[in-house]
1. Can you tell me which condition D175 does not meet? The list is (1) assigned to a helix (DSSP H, G or I); (2) at pLDDT 80 or above; (3) open to solvent by 20 Å² or more (accessible area, probe 1.4 Å), and all the others hold.
2. Of the numbered conditions (1) surrounded by fewer than 20 Cβ atoms within 10 Å (Cβ to Cβ); (2) within 30 Å of R92 (Cβ to Cβ), G141 fails exactly one; give the number of that condition.
3. Kindly indicate which of S221, S203, S208 is in contact with a helix residue (DSSP H, G or I) (Cβ under 8 Å, 6 or more places away or on another chain) and either more than 19 Å from L18 (Cβ to Cβ) or among the hydroxyl-bearing types (S, T, Y) (or both).
4. Does any residue of the stretch 77-86 turn out to be among the β-branched types (V, I, T) and either over 26 Å from V229 (Cβ atoms) or surrounded by fewer than 23 Cβ atoms within 10 Å (Cβ to Cβ) (or both)?
5. Which of the residues spanning the stretch 210-231 are among the aliphatic types (A, V, I, L, M), at pLDDT 75 or above and within 19 Å of the chain's Cα centre (by Cα)?
6. Restrict the check to the stretch 123-139 and report whether at least one residue is at pLDDT below 75 and closer than 25 Å to S165 by Cβ.
7. On the basis of being at pLDDT 80 or above and not hydroxyl-bearing (S, T, Y), does W115 make the cut?
Amino acid sequence: MLVGMTGVGGGSLMTPLLTLLFGVAPSVAVGTDLAFASITKSAGAFTHRLRGTVRWDIVKRLCLGALPAAVLSTLALKAFGTLNQEIGLVIRYSIAGSVLLTVVALIFKSRMLAWINAHPEKQLRGAPLLWATIVSGALLGTLVTVSSIGAGAIGATLLVMLYPSMSSAEVAGTDIAYAVPLTAIAAVGHWYLGSINWELLFSLLIGSLPGITLGSWVARSVPEKFLRVLLAMTLTGVAFKLIY
């Protein structure tokens, strides 16, 4: 419902709720959510491709950084062990940090875009823009693999800051398109680590179909600003609950 209403909330709320309400181990919550995201985002990417709202050149740049980072992060989790208590705590805090970054992206996205548009001389171009996109992809790849959060609101905000001339539809389409291979590789990595609960995954998929339909319908009558403030407040509470 939240994704249908706001376009945000899949990973940023799914993983914390699985951890806090259902007692799922942080590593299993992350792995299951990544598998869930790779399936649901594939349908969205296909739709955006048909509409021509995907900037494939930017997708390639993001993937150059994100995909190797996802593989390296998986190997690091394998080396340190995802199921021991210390790594579980690190993942828990990573989830909380990612949630707070999502809150920042939700609240200050419009202000940051306004500042960029008011100072065109600050916008990156050429090689600096290329490398900034690749580095952003690497950061997102690491964040998503460890916490399953970041491909949505944080990724979209980075795209807006790096490419302010892109339309909202292109930002959404490009953000979803690069997230498909990223979440798929990260999900395969977590399958390799044994941190995917398949029964839980199918239950989430069954609930998401009517949920996103209902959320999209409700969104027509509820102001977007109100929804984003409500979501930001909810995410802030979730982050502090994860920490304390």
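1. Checking D175 against (1) assigned to a helix (DSSP H, G or I); (2) at pLDDT 80 or above; (3) open to solvent by 20 Å² or more (accessible area, probe 1.4 Å), the one that fails is (3).
2. Single failed check for G141: (1).
3. S208
4. yes
5. Hit for the stretch 210-231 is V229, nothing else.
6. Scanning the stretch 123-139, I find at least one residue that is at pLDDT below 75 and closer than 25 Å to S165 by Cβ, so the answer is yes.
7. Taking the combined requirement at face value, the residue does not satisfy it.
Conditions (1) in contact with an Asp or Glu (Cβ under 9 Å, 6 or more places away or on another chain); (2) open to solvent by 30 Å² or more (accessible area, probe 1.4 Å); (3) farther than 17 Å from T145 by Cβ, marked per residue:
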position: G194; (1), (2), (3): no, yes, no
position: I206; (1), (2), (3): no, yes, yes
position: S221; (1), (2), (3): no, yes, yes
position: L227; (1), (2), (3): no, no, yes
position: L231; (1), (2), (3): no, no, yes
position: L235; (1), (2), (3): no, no, yes
position: I243; (1), (2), (3): no, yes, yes
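The values are calculated or read from the model by the stated rules, or taken from the named source; none is laboratory data. Here the structure is a predicted model, which means the values were calculated and not measured. Every residue, glycine among them, receives a Cβ derived from its backbone with ideal geometry; neighbour counts consider all protein chains shown. For accessibility, only protein heavy atoms count, side chains too; no ligands or nucleic acids. Shrake-Rupley method; radii C 1.70, N 1.55, O 1.52, S 1.80 Å.
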